[in-house]
Every structure is written in structure tokens, then in C-alpha cells.
Amino acid sequence: MRILVVEDDQTLNRQLTEALGGAGYVVDRAFDGEEGHFLGDTEPYDAVILDVGLPVMDGISVLERWRREGRLMPVLILTARDRWSDKVAGIDAGADDYVTKPFHVEEVLARVRALIRRAAGHASSEIHCGPLRLDMRASRVTLDGTPLKLTSHEYRLLDYLMHHQDQIVSRTELIEHLYDQDFDRDSNTIEVFVGRLRKKIGIDLIETVRGQGYRMRDAEPGR
């Protein structure tokens, strides 16, 4: 999953970026509202963490513009503890959730997981696909109860496919959601990671849809 962090405080931006990266997300960063709006308007994100008090363009204005332009990604706003009006304005502008400063990074991670989970239509933090189990809280995958050892790229690919089960996902979509804006994107790497995943899973849960991409399907009998 790919996340955008828009926060002008250099230290807090770095802390959030490192925590999200450690949890398996790909993270892009912006330090003012204008840069944040541009990235959110031109790149596909699975969620955005948006500070309200930004230079150049404030966070509420950024969010309002995104929503007017049809950008539907989940947005978590960061507000000051004593500015209840910012919370109201943010929700009215289209925010999906908020966190007040100061906060524990673990709370932000939990709320981001919830936003992504709800956007994909999942009620639980654990996703099942046949014998596969993906625990978003622990960034852990098991096959028939046995932990799978995956590289970060393999985990991100499997995570995205499991969040979008029974949907055809193109190689372009995978590239856009698995790599940050500075990564040298090559569609051939997706095929390599899919091949590695298939060997580790050992069963045909990832289907190749000719000319369109991949689809993750439950291969249990009766499906």
C-alpha cells in the first residue's frame, strides 16, 4: 500500500515516514500544502495523512480541492489538541478520520490500517484467502498456520492483491501502489515477484488474466 504524508514539521514527517515504512507501506512525503495537493492529485494513494496547519496552502483547502476534483482516497487529518474547529472543518471537507497532536505513532498506524481496510470492504484486520491469512497489525502472513517468510516487495504485492480479492488488478496499478514516486518502475519486476509468491504459496491463488493483469481468488473447493 502507498501512503502520502503531508506534514511541515520535519521531525514529525520523518517519524511518521519511518513508522509507516517499518509497517510495510511505501511512503511519499510533502512539506507544504501546494506540494501535497499536487502529489495527491497526480499519484494514486491508498491513504493520506494530512496536517491541517500547513504553509502555502492549509490542509483544509487541500482536502476540499481533492474532493472537488474527485479524489476519493481515505484522508486522516492531524489537528492541534485545542482546535476542535479544525476537526469539524476537516470532517466537513471530506476527511475520513482525525488524530490530535501530540499523538502516539501507533495510533496513527492503527487508524491508517482501519481506513485502508474499510476502503477495501474488510471489517477485520485479518484477511483470509483460502489457507492464507494476512494479519495487518503484525504485518504477518501465514499459510495453513505456518508463517511465510516474504521480502518487503513480496509482502506489499500480496497485501495489495489480498485487499482486492476477486478483482482484476493490472500491472500498472500494482506498480503505482507498490513503489514510491522516485522508484525506477519496471513492469517486469511485478512478474518476478508474482512468480516468487506463487512458489512460496504453493497453490494457485494468484490467477493471471491474459492481457489484463492478476486476480487473487480463493482456490478452495466449491469456490
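The values are calculated or read from the model by the stated rules, or taken from the named source; none is laboratory data. Small disclaimer: the values here were computed from a predicted structure and weren't measured. Here the Cβ positions follow ideal geometry from the backbone for every residue, glycine too, while neighbour counts run over all protein chains shown. To get the accessible areas, we keep the full protein, side chains included, count just its heavy atoms, and leave off ligands, DNA and RNA. Shrake-Rupley method; radii C 1.70, N 1.55, O 1.52, S 1.80 Å.
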Quiz prompt | Matching option when the condition is among the acidic types (Asp, Glu), outside any helix (DSSP H, G or I) and modelled with pLDDT of 85 or more, among 191, 207 | solution = 207
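Just checking, which of 93, 19 is closer than 18 Å to residue 180 by Cα and of a type in the set (Gly, Ala, Ser)? Talk me through it step by step, then tell me what you get.
Working: 93 fails: closer than 18 Å to residue 180 by Cα.
Unique residue meeting the criteria: 19.
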Quiz prompt | Cβ pairs under 8 Å, 6+ apart, first in region 6-17 and open to solvent by 60 Å² or more (accessible area, probe 1.4 Å), second β-branched (Val, Ile, Thr) | solution = 15/105
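Given the residues 108, 99, which is the only one that is of a type in the set (Val, Ile, Thr) and more than 14 Å from the chain's Cα centre (by Cα)?
Just a single option satisfies the conditions, and that option is 99.
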Self-check item: Residue under evaluation residue 77, criteria (1) surrounded by 14 or more Cβ atoms within 10 Å (Cβ to Cβ); (2) at pLDDT 90 or above; (3) part of a helix (DSSP H, G or I), criterion not met
Solution: (3)
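Does region 1-44 hold any residues that are part of a helix (DSSP H, G or I) and among the small types (Gly, Ala, Ser), and which are they? It would help to see each step written out before you state the result.
Here is the first cut: in region 1-44, the ones part of a helix (DSSP H, G or I) are 10-22, 33-42.
If the condition is that a residue be part of a helix (DSSP H, G or I) and among the small types (Gly, Ala, Ser), then 19, 21, 22, 33, 36, 40 are the ones that fit.
Looking at region 55-74, which of its residues are open to solvent by 20 Å² or more (accessible area, probe 1.4 Å) and not in a helix (DSSP H, G or I)? Full working, then the answer.
Going through region 55-74, the residues open to solvent by 20 Å² or more (accessible area, probe 1.4 Å) turn out to be 55-58, 60-61, 64-65, 67-72.
Once the filter is applied, which keeps residues that are open to solvent by 20 Å² or more (accessible area, probe 1.4 Å) and not in a helix (DSSP H, G or I), region 55-74 yields 55, 56, 57, 58, 69, 70, 71, 72.
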Quiz item: Is there a residue in region 34-45 that is under 26 Å from residue 156 (Cα atoms), β-branched (Val, Ile, Thr) and touching a helix residue (DSSP H, G or I) at 6+ places or on another chain (Cβ under 7 Å)?
Solution: no
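Quickly run through region 31-49 and pick out the residues that are farther than 21 Å from residue 160 by Cβ and either open to solvent by 30 Å² or more (accessible area, probe 1.4 Å) or touching an Asp or Glu at 6+ places or on another chain (Cβ under 8 Å) (or both).
Taking region 31-49 and keeping what is farther than 21 Å from residue 160 by Cβ, we get 31-38, 41.
Of everything in region 31-49, those that are farther than 21 Å from residue 160 by Cβ and either open to solvent by 30 Å² or more (accessible area, probe 1.4 Å) or touching an Asp or Glu at 6+ places or on another chain (Cβ under 8 Å) (or both) turn out to be 31, 32, 33, 34, 35, 38, 41.
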